[in-house]
Amino acid sequence: MDIGPLALQQFTAPHDVSPELGRALRDCWIEVTNAGGAAGFPFPPVDAGLVGPAVDSLVAGLAPATSRLLVAMVDGGLAGWLAVRRDDVPPVAHWGTLHHIQTRTGLRGRGVGAALVRRAREVARDEMGLEQLRLAARGGAGLETFYGRLGWREVGRWPGALRLGPGDDRDEVLMVLDPL
C-alpha cells in the first residue's frame, strides 16, 4: 500500500510547535513504545501521563543552535519524528546526536524513518554546521541494519547495557555517521 506524499518539517523553537502537534508527538511515542519500539521508554505500557511531560521537555528545549525537531507528515497527519541535538561545549560542539527516531506503526517499512534520518543529516551538516552524528540503538531490534543502509557504521557496543526484563539484557549499539 502506497502512502501519500511525505512532507518533512523542521521546528527550532518551542513556540513553533502547536498544541496539536505536541499531542500528535505524544500519541506517536505512546504507540511506538507500546508496540515494543526502542524510542526512549523501555518499559511498556506507557500513557499520556508519562510521555506528555517528556514531549513538553523536548519541545521546551528547542533552539536553532542546539536542538531541532524533524517531523514527517503524510496526508496531514504525523507519520514520524526525531530530534537532533548538540552540545555547544567547544570540545564536542562539532558533533550531534539523534534521539527518539520513530515512525507510526502502520507506516513502517515505507521509507518514513529513512527520509527523516536523511533529512537530519542535511540539517546537521548544512544548518547546524556539524561534522558528525552519533546515536545509540537498542541491540536485538535490527536497528544496526537499518542505520547501516543509510551510511551509519557501528563504532562500539556496551554488552548487556540495557536490561529490559529478567533474562532480557540487550547491547547498546553505538553508531556514527561521519562525514556528513
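The values are calculated or read from the model by the stated rules, or taken from the named source; none is laboratory data. Every value quoted in this text rests on a predicted model; they were computed, and no experiment measured them. Note that we place each Cβ from the backbone using ideal geometry, even for glycine, and neighbour counts take in every protein chain shown. The area values use the complete protein model at the heavy-atom level, side chains included, leaving out ligands, DNA and RNA. Shrake-Rupley method; radii C 1.70, N 1.55, O 1.52, S 1.80 Å.
When residues in region 98-112 are screened for being over 15 Å from Ala7 (Cβ atoms), over 9 Å from the mean Cα position of the chain (by Cα) and either open to solvent by less than 40 Å² (accessible area, probe 1.4 Å) or touching a residue at least 60 places away in the same chain (Cβ under 8 Å) (or both), 1 of them pass. For region 1-36, which positions are in a loop (DSSP other than H, G, I, E, B) and either basic (Lys, Arg) or touching a strand residue (DSSP E or B) at 6+ places or on another chain (Cβ under 6 Å) (or both)? Result: Ile3, Gly4, Thr12, Val17.
Note on region 26-61: among residues that are closer than 24 Å to Gly96 by Cα and over 14 Å from the mean Cα position of the chain (by Cα), the one that is most open to solvent (accessible area, probe 1.4 Å) is Asp56. Would you confirm whether any residue within region 1-19 is open to solvent by less than 40 Å² (accessible area, probe 1.4 Å), more than 15 Å from Thr103 (Cβ to Cβ) and of a type in the set (A, V, I, L, M)? There is at least one residue in region 1-19 that is open to solvent by less than 40 Å² (accessible area, probe 1.4 Å), more than 15 Å from Thr103 (Cβ to Cβ) and of a type in the set (A, V, I, L, M). Checked against the criterion of being in contact (Cβ under 8 Å) with a residue 24 or more places away in the chain, crowded, with 21+ Cβ neighbours inside 10 Å and not aromatic (Phe, Trp, Tyr), the candidates Ala124, Ala65 yield just one match: Ala124.
Could you tell me whether any residue of region 166-173 is among the β-branched types (Val, Ile, Thr), over 18 Å from Arg68 (Cβ atoms) and open to solvent by 50 Å² or more (accessible area, probe 1.4 Å)? Scanning region 166-173 turns up no residue that is among the β-branched types (Val, Ile, Thr), over 18 Å from Arg68 (Cβ atoms) and open to solvent by 50 Å² or more (accessible area, probe 1.4 Å).
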